[in-house]
Amino acid sequence: MGKALVGREASAPVQTRTSGAPEWAQRLQAWESQLAEIIPPSLGIDPKQLMRVALTEVRNNEKLRAAAENSPESFVGAVMGAARHGLEIGGAVAPECYLIPRWNSKIRGNEVVLQPSVVGLAAVTVRCGAASKIWANVVYDGDEFDVMLGTDEYIHHRPNYEIDRTDHSLITAAYSVAVLPNGEKRFDVMTRGQ
């Protein structure tokens, strides 16, 4: 679903190391005031909290830390990208985006990229007004499920809660629905094999 977002504009003046903090952490801290300016105010995201979460994600993930050390500007750019799009990094329940290490052949090493999650993409889509609501569900073997395509398209899904819905091997399909600003509903269905 699109490419990962890599913020290349984050080349803040290189700070001299005055503390024991790694360069990638110092560079992010140097951008703190700009971070606060680019977060959409209506979202209520605390820039300090966003920085703390980003720093913690890197400290807790060895591969991500190595990528941040290899390319501190990509780390700052990824965090700035999350702020610009109003996405919260990580989280256990419904993360809106992830910081992940990716190989970059131009720099011959890993860099940090911002990867929006499905939840994050849906949030941005609703915020920008392209849809008023978006949701998705999975279909289990034993659910009542009917799809009609054509001029009178619809999805009918009645979940069967008497089956083990924690057994993901029983998933047969998944679908998403978007309600457009004019009230029209659009959906897409995928089988397990797709």
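The values are calculated or read from the model by the stated rules, or taken from the named source; none is laboratory data. Treat the numbers as computed from the prediction; the structure is a model and nothing was measured. Here the Cβ positions follow ideal geometry from the backbone for every residue, glycine too, while neighbour counts run over all protein chains shown. Heavy atoms of the whole protein, side chains included, go into the accessibility calculation; ligands, DNA and RNA do not. Shrake-Rupley method; radii C 1.70, N 1.55, O 1.52, S 1.80 Å.
Just subtract the alpha-carbon distance of I171 and L43 from 0.36 nm times their residue separation and send over the number in nm, one decimal. List each step's numbers first, then the result.
On the way: separation 128, 0.36 × 128 = 46.08 nm, distance 3.45 nm.
Extending this stretch completely gives an extra 42.6 nm.
5 Å is the cut-off here: which amide hydrogens, built 1.01 Å from N in the peptide plane, fall below it relative to T172, excluding neighbours closer than 5 in sequence?
When sequence neighbours closer than 5 places are left aside, the close amide H contacts are V139, Y140, D141.
Which loop-located chymotrypsin sites (Phe, Trp or Tyr not before Pro) does region 111-194 contain, where loop means any DSSP state but H, G, I, E or B and the Cβ has at most 10 other Cβ atoms within 10 Å?
Numbers: sites: W135, Y140, F145, Y154, Y161, Y175, F187; in loops: Y161.
Filter output for region 111-194: Y161.
Per 5 Å bin, what percent of the C-alpha pairs of region 149-189 does each bin hold, from zero upward?
Final binned percentages: 5, 15, 23, 21, 14, 12, 8, 2.
Packing-wise, with mean Cβ within 10 Å as the measure, how do 59-70, 101-112 rank, highest first?
Descending mean neighbour count gives 59-70, 101-112.
Mean projection of the alpha-carbon convex hull of region 45-174 over all orientations, in nm²? Could you put the intermediate results ahead of the total?
On the way: hull surface 46.5 nm².
Seen from a random direction, the Cα hull of region 45-174 projects 11.6 nm² on average.
Jot down the per residue volume, in cubic angstrom and as a whole number, of the convex hull over the alpha-carbon atoms of region 101-194.
173
Could you work out how far apart the two model spin labels at C128 and Y161 are, taking each label as a point 7 Å from the Cα in the direction of the beta carbon, and quote it in nm?
In this crude label model, C128 to Y161 measures out at 3.7 nm.
Starting from the Cα-Cα distance between T191 and S33, subtract it from 0.36 nm times their residue separation and give me the gain in nm to one decimal.
Details: separation 158, 0.36 × 158 = 56.88 nm, distance 4.62 nm.
Extra length from T191 to S33 when fully extended: 52.3 nm.
Which order, highest average first, do 35-46, 76-87, 118-129 follow once you tally other Cβ atoms within 10 Å for each residue and take the mean per peptide? Let's see the in-between values first.
On the way: 35-46: 13.7, 76-87: 24.6, 118-129: 15.8.
Order by mean packing, descending: 76-87, 118-129, 35-46.
Using 0.36 nm times the number of residues separating Y154 and R108, minus their current alpha carbon distance, what extension gain do you get?
Values: separation 46, 0.36 × 46 = 16.56 nm, distance 4.89 nm.
This chain segment gains 11.7 nm when fully extended.
Please compute the contact order of the chain in relative form: average sequence separation of alpha-carbon pairs under 8 Å and at least six residues apart, divided by the residue count, as a percent.
Once divided by the residue count of the chain, the mean separation gives 16 percent.
Keeping every protein chain present and rolling a 1.4 Å probe, give me the accessible area per residue for the chain in Å².
Per-residue value: 61 Å².
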